[in-house]
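**Student:** Input: one structure, supplied below.
The values are calculated or read from the model by the stated rules, or taken from the named source; none is laboratory data. As the structure is a prediction and not an experimental result, all values here were calculated from the model. Ideal geometry is used to build each Cβ from the backbone, glycine not excepted, and the neighbour counts take in all protein chains shown. The protein model used for the area step is the full one, side chains on, heavy atoms only, and it has no ligands, DNA or RNA in it. Shrake-Rupley method; radii C 1.70, N 1.55, O 1.52, S 1.80 Å.
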Amino acid sequence: MKRTGRKTKHTALCMIVALMQLWATAAATPPQESDRWKQHYRDSLRSYIFEHGSASVDCYLSYPIGDSLVDPDFGNNASELAVLYRFLRHALEDTLVCVQEIVITGHSSPDGSARVNERLSLKRAEQFLNHLNTEYHMAEKYMVTLQSVGADWQKLRELIAASPYKWRDDALRIIDGTDTPDRKKMQLAWLGGGDAHKRMYEELYPKLRRVEVKINYDVQCMKQKLRRPEKPDFGKLEIPKLRLRTLYRPEVPEAFTPLMAIKTNLLFDVALMPNIEVEIPLGRRWSLNGEYMFPWWLINNDRYCLQLLSGGAELRYWPGNRFRHKTLTGHFAGLYAGGGKYDLQWKENGYQGEFFIAAGLSYGYSLPLSRRWNMEFSLGIGLLRTDYRHYRARDNYKTLLWQNNGRYTWFGPTKAKISLVWLLGNKKGGRR
C-alpha cells in the first residue's frame, strides 16, 4: 500500500528512535539472534535512507551556561554520546551507503542576547565537530557544513505546547507574537509571577542546548552499488604480477592511554636530594599527585648534615579542550599540602624540626616530549610553618648543644619543580 501525504518531522524522529531501540534490543539478545537484529537494523536504516535521502539524530548535550566545549563527564553527556556513536557507526561504516554531506547544527537557549546566542550555537557546532574528528575524522573524509540556529524558539514552543503548565496558552501567545526576542523574554519572565521563567529555566532550557547531526546521502550512488555486476570471464582474465610495494600499507600509530606517571624533580636531583613522585589521572580533567623526598646525608665527618623526610599530595585540574591534549599534558592548576621533619647543619650551627607543614596553590605546564615522556614545570605559592630547635655542634661535631626553640612562618613560593615524567599505561591496538 502506498503512503500519501507529507511526512512530518515527528514521524522521522520516531523512526530514528525505533531504529535505536532495535539496536538496543539486539545488544541484549543471544549471538545468533543478535546478528539477525543487527541485519534487521541495517536493512531498516537503508530503507529509511532510500525513502528520505537523509537521517538525523539530536544529541542533547549538557552545557554550562555560555560554554561550548564537549565534556563527556558533564551531566548526562556520556549516555547521549553513546547513542550518537551508535547511530554514526551504522550510518557511516555501512559499505553500501554513500555520504553526500554531513550537517552539524548548533542550538542554544534564549538566555543571552540574540547575537550572543547565535555566536554560541555556532561555536558549539564547531567544538562538536572537533570532538567527532577525534573519533571519525569527519572533516578529512566527508564534506561537513556547520549551521547556527541561535536561540531555538521553535523548539521551546513545541515543549511548552506539550506541557501541562497553567500558563501554557499565555506563553504560546507571547512566543507567536511579533515582538523582538528581548521583549518576549521580558514578558515570559513576568508570566505567572515568575513561575514560568523558573520552570522554563530549570526544565525546558537545558533541552534547547543541543547539537543536531544530519547526514545527507547520495541515493543514486547507493542504488548503483545494489546492482549486481556481471560475472567476469576468468578464462580470459590476465592476472598481473604483484610487487611487494603494492601490498604495503603504512602502520597506523597505536593509541596510548597513561594509567599513571612516575616523576623526579631535576632541581632536587642536582642538589643530591633523592625524590620521587607518582601521579594518577582521575578522568580527563583531574589527577592526584603524590611526592616523597628522602635525602639523609652526613658529610665530612658530621660537619654538614642534610636529613629530610617529607611527603605531600596535590589535587590537579587540567583546563582547556582535553580532546586536543593527551592525558597529563598541557596547563594545570593544583591545591597541595604536605609536611615532614628535618635536620640541617652547616658546620657549627644547625636546626632540627620534628614537623613542618606547607600548603598552597600551584600552577604548571606539562610539555610532551614523546609518547611516554613529558617535561613538567610548576611553581607553588602558599604558607609554610615549622617549630624548630637551634643547636651548636661541639667536640669535633659529635656533641649537639641546644641553644633555643623557635617558630618560623613563611608565605610565598614554597616549591618549584622541573620534573622528568615517565608515563606508564596501555596501548590500544592499532591496525597495520
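**Student:** At a Förster radius of 45 Å, what calculated FRET efficiency corresponds to the Cβ-Cβ distance of residue 267 and residue 154, to the nearest 0.05? Mind dumping the intermediate values first?
**Tutor:** On the way: r = 60 Å, r/R0 = 1.33.
For residue 267 and residue 154, the calculated efficiency is 0.15.
**Student:** Of the accessible area of segment 251-317, with the probe set at 1.4 angstrom, what percent is carbon plus sulfur?
**Tutor:** Numbers: 2590 of 3660 Å².
Carbon plus sulfur share of accessible area: 71 percent.
**Student:** Figure the gain on full extension for residue 359 and residue 144 (residue separation times 0.36 nm, minus the Cα-Cα span) and round it to one decimal in nm. Could the numbers behind the result be given before it?
**Tutor:** Working: separation 215, 0.36 × 215 = 77.40 nm, distance 4.94 nm.
That pair, residue 359 and residue 144, stretches by 72.5 nm at full extension.
**Student:** As a quick test, which of the pairs 123/326; 341/398; 155/185; 123/184; 166/207; 341/417 have an alpha carbon distance above 18 angstrom in this structure?
**Tutor:** 123/326; 341/398; 123/184; 166/207; 341/417
**Student:** So, one more: Based on the Cα gyration tensor of segment 312-432, what are the three equivalent ellipsoid semi-axes, each the root of five times an eigenvalue, rounded to whole Å and given largest first?
**Tutor:** Working from the Cα gyration tensor, I get semi-axes of 42, 17, 10 Å.
**Student:** Let me ask another. With unit charges on the beta carbons (Lys and Arg positive, Asp and Glu negative) and the dipole taken about the Cα centre of segment 92-226, which residue among 191, 162, 133 sits farthest to the positive side?
**Tutor:** So the residue furthest toward the plus end is 191.
**Student:** Considering only protein heavy atoms and a probe of 1.4 Å, how much of the accessible area of segment 364-432 is carbon and sulfur, as a whole percent?
**Tutor:** Values: 2570 of 4570 Å².
Of the solvent-accessible surface of segment 364-432, carbon and sulfur hold 56 percent.
**Student:** Kindly report the accessible area of segment 265-312 per residue (heavy atoms of protein chains, probe 1.4 Å, no ligands, DNA or RNA), in Å².
**Tutor:** Values: 2710 Å² over 48 residues.
Solvent-accessible surface per residue comes out at 56 Å².
**Student:** Roughly what would the spin-label model give for residue 341 and residue 420, points 7 Å off Cα along C-beta, in nm?
**Tutor:** Distance between label points: 3.2 nm.
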